């Protein structure tokens, strides 16, 4: 199993096929609509400043189109270069900072809005509060932080391995859609084979290994196991339960204004965008 979420090596395998990534690895149309709704509110300010944690092309394009002064921070220069090639209309004034989100030095409170699209799931559980405090420090007193994350509620985890085996054999066509495949994968988070309850790490390679084991036991066809697998190597990310994540937000100086998700597919019940402001206390 991978040991850390904050492992920059895991991104090297993404570089060659970044442009082929689809939701949930990039924002969906519904998620972009949520971002745009909040971006537009802030864009009416004089000379609005946007900070993006990561190199997500669609968010950078959106900020540029709405007149923001855009700054991005990413630790991986190769990822920035690869993602930047996908931007249709280049922003000549975009500021790119190569640095670690947890240690990067920026002026106090310069940003009207900060967007972190699933940035936090790539930070180890014990260091997530540090990232939230960084975001709070960089945000203007009346600014907004948009934090997208993968969270779950226990009632979402209603599948067993036997359910997966039965569906794979009796209803294989339901896995033609990639979001349907991921919906099944995420519903297996109750099992320690794929998610460590202490580190909260969800291990994609461990899910793949379980599918290989089911195929080796003759429970599912090998071809189906291959279709269901992530095939992303030792990729791990921190997925929290909803109450735990919301408690962390409050303990680190944020008030939640809204929590929204794309309604186009049941999978997105695991993918939430939190709109936050600084606590006044």
message: Every residue in region 226-242 that is surrounded by fewer than 19 Cβ atoms within 10 Å (Cβ to Cβ) and in contact (Cβ under 8 Å) with a residue 60 or more places away in the chain, please.
response: 232, 233, 234, 241, 242
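Residues checked against (1) assigned by TED's automatic domain parsing to the domain that holds residue 210; (2) farther than 24 Å from residue 187 by Cα; (3) in contact with a strand residue (DSSP E or B) (Cβ under 8 Å, 6 or more places away or on another chain); (4) at pLDDT 95 or above:
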{"position": "246", "(1), (2), (3), (4)": "no, no, yes, yes"}
{"position": "253", "(1), (2), (3), (4)": "no, yes, yes, yes"}
{"position": "257", "(1), (2), (3), (4)": "no, yes, yes, yes"}
{"position": "261", "(1), (2), (3), (4)": "no, no, yes, yes"}
{"position": "264", "(1), (2), (3), (4)": "no, no, no, yes"}
{"position": "272", "(1), (2), (3), (4)": "no, no, yes, yes"}
- prompt: Limited to region 97-120, what total is found for residues that are more than 22 Å from residue 36 (Cβ to Cβ) and part of a strand (DSSP E or B)?
  reply: 2
message: Being touching a residue at least 12 places away in the same chain (Cβ under 8 Å), buried (at least 19 other Cβ atoms within 10 Å of the Cβ) and in a helix (DSSP H, G or I) is the requirement here; does residue 131 meet it?
response: yes
query: When you go through 49, 38, 118 one by one, which is the residue that is over 27 Å from residue 237 (Cα atoms) and buried (at least 16 other Cβ atoms within 10 Å of the Cβ)?
result: 49
message: If a residue must be free of Cβ contacts under 8 Å to residues at least 12 places away in the same chain and part of a helix (DSSP H, G or I), how many such residues does region 214-225 contain?
response: 4
- prompt: Right, residue 198: in contact with a strand residue (DSSP E or B) (Cβ under 9 Å, 6 or more places away or on another chain) and surrounded by fewer than 20 Cβ atoms within 10 Å (Cβ to Cβ) or not?
  reply: no
task: Can you confirm whether region 257-264 contains a residue that is part of a strand (DSSP E or B) and touching a helix residue (DSSP H, G or I) at 6+ places or on another chain (Cβ under 7 Å)?
output: yes
- prompt: Checking residue 174 against (1) out of contact with any helix residue (DSSP H, G or I) (no Cβ under 9 Å at 6 or more places or on another chain); (2) under 27 Å from residue 27 (Cα atoms); (3) free of Cβ contacts under 8 Å to residues at least 12 places away in the same chain, which single condition isn't satisfied?
  reply: (1)
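The values are calculated or read from the model by the stated rules, or taken from the named source; none is laboratory data. As the structure is a prediction and not an experimental result, all values here were calculated from the model. Ideal geometry is used to build each Cβ from the backbone, glycine not excepted, and the neighbour counts take in all protein chains shown.
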